């Protein structure tokens with residue numbers, strides 16, 4: 001390729017880049033980062049899955065047929081091929097329609113056993129808008145990182161005729177000091193905040209686990225005992241004031257137990 005052809009190609013690339021910026025949002029400029037990084041600080045054996053959701057940019061009247069390809073997934077096959085950092089595009093064009101990111105829908109997963117089904121997940125989200133009210137707006141530190149927080153808790157129960165123990169994970173939003181606020185973990189950002197920056201979710205886990213349903217287990221100094229209910233076949237097995245008759249249960253690994261979490265008294 002001669003120097004004249006190389007120069008023409010270079011100018012064409014610049015022109016195409018400029019055209020890609022037009023009609024999407026103000027503030028788009030050549031050479032400016034049009035992505036941001038999402039990452040997570042999670043407890044051991046925790047993972048996240050994410051879906052970046054895109055909608056038509058402001059002023060656009062176009063639509064994407066069936067909404068196809070308006071979501072971009074990350075860590076779909078966790079924990080296999082898991083990546084803790086996800087590079088998220090602010091803008092995309094699908095079916096000729098300029099799109100802008102609207103949210104990142106997150107699922108925080110925790111693994112509690114060795115079997116492939118021994119896990120549970122809870123929701124979190126990042127919301128992006130052109131303008132965020134000042135009282136909700138998240139800030140970035142000097143190196144371009146902004147964090148939001150959540151606290152997760154394991155809830156245990158038994159299922160099935162053999163009373164196998166299963167766990168449910170529920171995560172709630174907190175402030176930086178760990179105080180619970182409202183709802184599941186979430187964070188709002190203005191679009192003009194995000195280019196080239198990093199958004200991070202920080203999750204802690206409560207040490208104490210509690211029963212998922214009230215009046216089904218009784219707490220003792222050395223752990224929890226499962227109420228018998230009407231009989232061992234009673235699926236709900238509420239205590240109903242009977243705090244003397246208890247049943248065994250089976251841990252996820254198949255071990256027969258009488259008290260949780262220590263298994264044997």
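No lab work stands behind these numbers, since they all come straight from the coordinates. The model shown is predicted, which means the values in this text are computed figures rather than measured ones. Methodologically, a virtual Cβ is constructed for each residue, glycine included, from the backbone with ideal geometry; neighbour enumeration extends over all protein chains shown.
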Sorted by Cβ neighbour density within 10 Å, fewest at the top, the residues 218, 131: 131, 218
Added length on full extension, which subtracts the Cα-Cα distance from 0.36 nm per residue, residue 192 to residue 84: 36.5 nm
Between segment 66-98 and segment 179-202, the Cα center-to-center distance that results, in Å: 18
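Quick one: 71, 77, fewest Cβ neighbours within 10 Å first, how do they rank?
Arranged by neighbour count, lowest to highest, 71, 77 become 77, 71.
Counting pairs of alpha carbon atoms under 8 Å apart in space and at least six apart in sequence, what relative contact order in percent does segment 213-257 give? Mind dumping the intermediate values first?
Numbers: 57 pairs, mean separation 13.6, N = 45.
Relative contact order, segment 213-257: 30 percent.
With contacts defined as alpha carbon pairs under 8 Å and 6 or more residues apart, what's the relative contact order of segment 154-263 in percent? Please report the intermediate quantities before stating the final value.
Numbers: 156 pairs, mean separation 28.7, N = 110.
Reported as a whole number, the value is 26 percent.
Defining a contact as two alpha carbons under 8 Å apart and six or more residues distant in sequence, what relative contact order in percent does segment 94-143 show? Walk me through the numbers on the way to the answer.
Working: 40 pairs, mean separation 16.4, N = 50.
It rounds to 33 percent for segment 94-143.
Using only the Cα atoms of segment 140-183, build the gyration tensor, take square roots of its eigenvalues as a ≥ b ≥ c, and label the shape rounded, prolate or oblate: rounded if a/c is under 1.5, else prolate if a/b is larger than b/c, else oblate.
Details: a/c = 5.70, a/b = 3.29, b/c = 1.73.
Judged from the Cα gyration tensor, segment 140-183 comes out prolate (a/c at least 1.5, a/b above b/c).
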DSSP beta bridges in the chain [antiparallel fraction, %, rounded to 5]: 70
For segment 208-238 and segment 138-155, distance of Cα centres in Å: 35
Burial ordering of 111, 159, 101, fewest other beta-carbon atoms within 10 Å first: 159, 111, 101
Net lengthening on full extension, residue 214/residue 256 (0.36 nm per residue, minus Cα-Cα): 12.8 nm
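Rounded, prolate or oblate: which one fits segment 213-257, using the alpha carbon gyration tensor with axes a ≥ b ≥ c (rounded when a/c is under 1.5, else prolate when a/b beats b/c, else oblate)?
Judged from the Cα gyration tensor, segment 213-257 comes out oblate (a/c at least 1.5, b/c at or above a/b).
Pull out a ≥ b ≥ c, the square roots of the eigenvalues of the alpha-carbon gyration tensor of segment 38-83, then state rounded if a/c is under 1.5, prolate if not and a/b is larger than b/c, and oblate in the remaining case.
Values: a/c = 5.44, a/b = 2.51, b/c = 2.16.
Here segment 38-83 falls in the prolate category.
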On Cα atoms only, tilt of 3-21 relative to the major axis of the chain in degrees: 50
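In nm, what is the difference between 0.36 nm times the number of residues separating residue 236 and residue 177 and their Cα-Cα distance? Please report the intermediate quantities before stating the final value.
Working: separation 59, 0.36 × 59 = 21.24 nm, distance 3.75 nm.
Fully extending the segment from residue 236 to residue 177 adds 17.5 nm.
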